[in-house]
Amino acid sequence: MLEDDLRAAFARHETLTPSTGPLRVAIDRLAAVRRRRRQRFQAAGVTLALLAALGVGVPQLRPDRPAEGPPSSSGQPAGARSGALNVLLLGVDGFGEQPPYRLADSVLLVHIPADRSRPYLISLPRDLEVAIPGRGIDKLNSAFYSGAGEPRPDLAAGYDLTRRVVADLTGVRVDAGAVLTFAGLRRITEAVDGVEVCLPKEVRSWHTSRTFPAGCQLLDGAATVDLLRQRRYLPDGTLDRDRNAQRYLAGLVRRAVAQDVLTNPVRLTALLSAAGTGLAVDDDGLPLTRLVAVLPELKSVDPVGLSLPVGPPAGNASRLPLNPKQGPEFLAALREDRLAQWVAQHPEQVNPVR
């Protein structure tokens, strides 16, 4: 009897039940929006991974902030979004897997000129003497430490403070940025079946018994991490390590082009998945969209490796001051988007990447 009463009650109220059609449409619409966001996230993450493979794991895209740089000779703000783009890349050894590493041991600014001729990889020495808000004069790599804080470093905060320091130093707008750990780099390298790196001289590992001969060689993930950590046996120490990071990045881009990674969505997604938790992207506006479209726009993907001109260490602090003559000239060329002319005038300043 109870069952019959329930059936009768449900039958009487069935006509009052609202249609599920509108609800289903709303759910499908929400799912489509989330799917598009996820796809945009993946494409952006892979683009940054390819740009940022200097030895670093978790990208943070922060396209918002500093005011435009000083006007260029063309009257446009230096580094404006309608022209040149600048991507700040920070390399943190062991962050997120072996804390408490908090210093940005590698700092690289990728400059993509307005004419999209080719990318310029500009190494900023980690020991460069700079002004850090709240800390005074110190080494550039200390900016990340000051921003990240303790006991559990905040990656975004470390990146934000370093970005402010680099923007003040260079006078250009930093359109986007990334922070990578060596763990993320190792997985990316394995995902493309190794990367060819061309070394001008033999490199012996301080950490292992491995020796990297002069010339071009295909490196797996473990060998890549080992190479990019080396500085003690190198003639110019950390400056040579920065040059090796440039050589690796150039090799990774060549590998990605050869494997059609940049234009194949399936391979892009696979590369992103390989990075795992070592890769995350903050999708927040126009610069991200522009970055995704930049690589196909480039006339050449072969980068030009450069280093910010510096002088000898200052005093006992081992800080490197900006070269008093070439430093300001270089920064002016960067701000005015005329690095091609500067390179033509100073060919000896180019770091060969292959």
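The values are calculated or read from the model by the stated rules, or taken from the named source; none is laboratory data. Computed from a predicted structure; not experimentally measured. All Cβ positions, glycine included, derive from the backbone under ideal geometry; neighbour counts span all protein chains shown.
Out of all the residues in the stretch 299-311, which are buried (at least 17 other Cβ atoms within 10 Å of the Cβ) and either β-branched (Val, Ile, Thr) or assigned to a loop (DSSP other than H, G, I, E, B) (or both)?
Of everything in the stretch 299-311, those that are buried (at least 17 other Cβ atoms within 10 Å of the Cβ) and either β-branched (Val, Ile, Thr) or assigned to a loop (DSSP other than H, G, I, E, B) (or both) turn out to be Pro303, Val304, Leu308, Pro309, Val310.
Looking at the stretch 174-185, can you tell me whether even one residue there is over 16 Å from the mean Cα position of the chain (by Cα) and either surrounded by fewer than 23 Cβ atoms within 10 Å (Cβ to Cβ) or in contact (Cβ under 8 Å) with a residue 24 or more places away in the chain (or both)? Walk me through it before giving the result.
Here is the first cut: in the stretch 174-185, the ones over 16 Å from the mean Cα position of the chain (by Cα) are none.
No - not one qualifying residue is present in the stretch 174-185.
Looking at the stretch 190-205, I want the residues that are farther than 14 Å from Leu218 by Cα and without any contact (Cβ under 8 Å) to a residue 24 or more places away in the chain and have a partner that is surrounded by 15 or more Cβ atoms within 10 Å (Cβ to Cβ) and among the aromatic types (Phe, Trp, Tyr) with Cβ atoms under 8 Å, at least 6 apart or on another chain. Which pairs are those?
Glu202/Phe212
Given the residues Ser318, Ser300, which is the only one that is within 22 Å of the chain's Cα centre (by Cα), more than 16 Å from Val172 (Cβ to Cβ) and at pLDDT below 95?
On the way: Ser318 fails: within 22 Å of the chain's Cα centre (by Cα).
One residue alone meets the criteria, Ser300.
Looking for whichever is touching a Phe, Trp or Tyr at 6+ places or on another chain (Cβ under 6 Å) and modelled with pLDDT of 80 or more here; the options are Ala340, Ala256, Ala344, Ala333. Which one fits? Spell out the reasoning first.
Details: Ala340 fails: touching a Phe, Trp or Tyr at 6+ places or on another chain (Cβ under 6 Å); Ala256 fails: touching a Phe, Trp or Tyr at 6+ places or on another chain (Cβ under 6 Å); Ala344 fails: touching a Phe, Trp or Tyr at 6+ places or on another chain (Cβ under 6 Å).
Result of the check over Ala340, Ala256, Ala344, Ala333: Ala333.
Just for strands (runs of 3 or more DSSP E) wholly inside the stretch 130-248: which have at least 2 residues that are under 18 Å from Val87 (Cα atoms)? Give the steps one after another, and end with the answer.
Values: elements: 136-139, 176-181, 195-199, 215-219.
The strands (runs of 3 or more DSSP E) meeting that bar are 176-181.
Test Ala222 against the criterion of being free of Cβ contacts under 8 Å to residues at least 40 places away in the same chain and either surrounded by 12 or more Cβ atoms within 10 Å (Cβ to Cβ) or of a type in the set (S, T, N, Q) (or both), and give yes or no.
Answer is yes for this residue.
Given the conditions (1) polar (S, T, N, Q); (2) over 20 Å from the mean Cα position of the chain (by Cα); (3) within 30 Å of Asp260 (Cα to Cα), report the number of the one that Thr208 does not fulfil.
Only one criterion is unmet by Thr208, namely (3).
How many residues, within the stretch 332-354, are surrounded by fewer than 18 Cβ atoms within 10 Å (Cβ to Cβ), of a type outside the set (Lys, Arg) and touching a residue at least 24 places away in the same chain (Cβ under 8 Å)?
Result for the stretch 332-354: 5.
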